[in-house]
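Colleague: Below you will find the structure I want to go over with you.
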Amino acid sequence: MEPIQPALGDQQEMSFIDHLEALRWHVIRAVIAVVVFATGAFFAKDFLFHDLILGPSRPDFWTYQTLCRIGTALHAEGLCVNKLGFVIQNREMSGQLSMHLSSAFIVGLVLGFPYLFWEVWRFIKPGLYPHERANSRGAVFFVSVLFITGLLFGYYVAAPMSINFLAGYVVDPTIENQIDMQSYISTLTTMTLSCAFVFELPMIVFFLAKAGLITPEIMRVYRKHAIVVILIVAAVITPPDISAQLIVTIPIMLLYELSINIARIVGRSRTANLNAQLAQNQGIA
């Protein structure tokens, strides 16, 4: 007697359950990685706050010292940042503990981002066709590199420029800038993470071009519109300071031009593959 075969609906239900089980373990491993990094950041309190978070609030920060050296070489003393006119305060009883926990969690997410994306990719990859897997080879590496590059740019360039501008902006000399700790960390986090995700533009264009949803011709036609959007994005993530906006706008525009070239290379590759497949089909016919 032949074994009873399960109905198609049962197979689909089992397949769906298997996918949920696989997703659950990917999520568990990702959460464990974030917790491990966050725990390490929590116990490294002195480095986390004094060196990392509060670094851009002091004149001895690397960016300010570099600007001073450039200003000395160019005889432009205005570039030197000798003092930041604000004091960071805590106004809540549990404020410092809350900031310690939330900051450690954010650092855990940032440090664990490459692993998080790798887990997401491991979950998606089995559902791709072989040619899609081949076309997406190295995705985890390039996404991680672009994320880290944007993160460093935001931390060492965009965030210090914003903090320096906002700290030095006064409407009257008698008004002191006593900044709440949560406001300072929020500004630093927003600037840094915004740049990290904006720098993913080339990879976004890469996948859209692979899917045939975008072409270099479309990106060239809408270049002027893209410049306007880039200026708006730069204005949102930076203070109303022309120099800071330009410093953020220029790299994003360079990334857009790089993305056009990426779309062009992907378009050529897709065309070559289609021609090869067409020739193969004609040969079989």
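Colleague: Assuming R0 = 45 Å, what is the FRET efficiency of residue 271 and residue 246, from their Cβ-Cβ distance, to the nearest 0.05? Could you put the intermediate results ahead of the total?
Modeller: Numbers: r = 37 Å, r/R0 = 0.83.
With a Förster radius of 45 Å, E is 0.75.
Colleague: Let me ask something else about it. Please say if the stretch 66-192 is rounded, prolate or oblate, where rounded means a/c under 1.5 for a ≥ b ≥ c the square roots of the C-alpha gyration tensor eigenvalues, and otherwise the choice is prolate for a/b larger than b/c and oblate otherwise?
Modeller: Details: a/c = 4.13, a/b = 1.74, b/c = 2.38.
Since a/c reaches 1.5 but b/c is at least a/b, the shape of the stretch 66-192 is classed as oblate.
Colleague: Just to confirm, what accessible area per residue do you get for the stretch 31-123 at 1.4 Å probe, in whole Å²?
Modeller: Roughly 62 Å² per residue, with all protein chains present.
Colleague: With no other cysteine's Cβ closer than 4.7 Å, which Cys residues of the chain count as lacking a disulfide-compatible partner?
Modeller: 195
Colleague: Binning every alpha carbon pair distance of the stretch 125-194 at 5 Å from zero, what are the percents per bin?
Modeller: All Cα pairs, binned at 5 Å, distribute as 3, 14, 15, 15, 11, 10, 8, 7, 6, 4, 3, 2, 1, 0 percent.
Colleague: Extension gain residue 172-residue 122, at 0.36 nm per residue separation less the Cα-Cα distance, in nm? Present the calculation step by step, with values, prior to reporting the outcome.
Modeller: Details: separation 50, 0.36 × 50 = 18.00 nm, distance 5.60 nm.
Here the answer is 12.4 nm.
Colleague: First check a/c for the stretch 102-152, with a ≥ b ≥ c the square roots of the eigenvalues of its C-alpha gyration tensor; if it is under 1.5, answer rounded, and if not, answer prolate when a/b is larger than b/c or oblate otherwise.
Modeller: oblate
Colleague: Based on the Cα atoms of the stretch 30-90, what semi-axes does the equivalent ellipsoid have, where each is the square root of 5 times one gyration tensor eigenvalue, given in whole Å with the largest first?
Modeller: On the way: eigenvalues 225, 41, 12 Å².
Ellipsoid half-lengths, sorted descending, are 34, 14, 8 Å.
Colleague: Right, here's the next one. Using label points projected 7 Å from each Cα along Cα→Cβ, tell me how many nm separate residue 254 and residue 228, to one decimal.
Modeller: 2.6
Colleague: Rounded to the nearest 0.05, what FRET efficiency do residue 148 and residue 207 give with R0 = 22 Å and r taken as the Cβ-Cβ distance? Could you check?
Modeller: Calculated transfer efficiency: 0.70.
Colleague: Counting only protein heavy atoms and a 1.4 Å probe, tell me what percentage of the chain's accessible area is made up of carbon and sulfur.
Modeller: 68
Colleague: For the stretch 116-149 and the stretch 197-238, what is the separation of their Cα centres, given in Å?
Modeller: 20
Colleague: OK, next. Can you pull the one-decimal nm distance between simple spin-label points at residue 102 and residue 35, each 7 Å off the Cα toward Cβ?
Modeller: Taking the two extended label points, one gets 2.3 nm.
Colleague: Report D for the chain in µm² per second (integer): Stokes-Einstein, Kirkwood Rh on Cα pairs, 10 °C, 1.306 mPa s.
Modeller: D, rounded to a whole number, is 70 µm²/s.
Colleague: Follow-up. Given R₀ = 30 Å, FRET efficiency for residue 91-residue 68 by Cβ-Cβ distance, to 0.05?
Modeller: 0.40
Colleague: Turning to a different aspect of this structure: Can you tell me the length gained on complete extension of the stretch residue 44 to residue 28, counting 0.36 nm per residue apart and subtracting the Cα distance?
Modeller: Computed gain between residue 44 and residue 28 is 3.3 nm.
The values are calculated or read from the model by the stated rules, or taken from the named source; none is laboratory data. Here the structure is a predicted model, which means the values were calculated and not measured. Every residue, glycine as well, gets a Cβ built from its backbone with ideal geometry; the counts of neighbours run over all protein chains shown. For accessibility, only protein heavy atoms count, side chains too; no ligands or nucleic acids. Shrake-Rupley method; radii C 1.70, N 1.55, O 1.52, S 1.80 Å.
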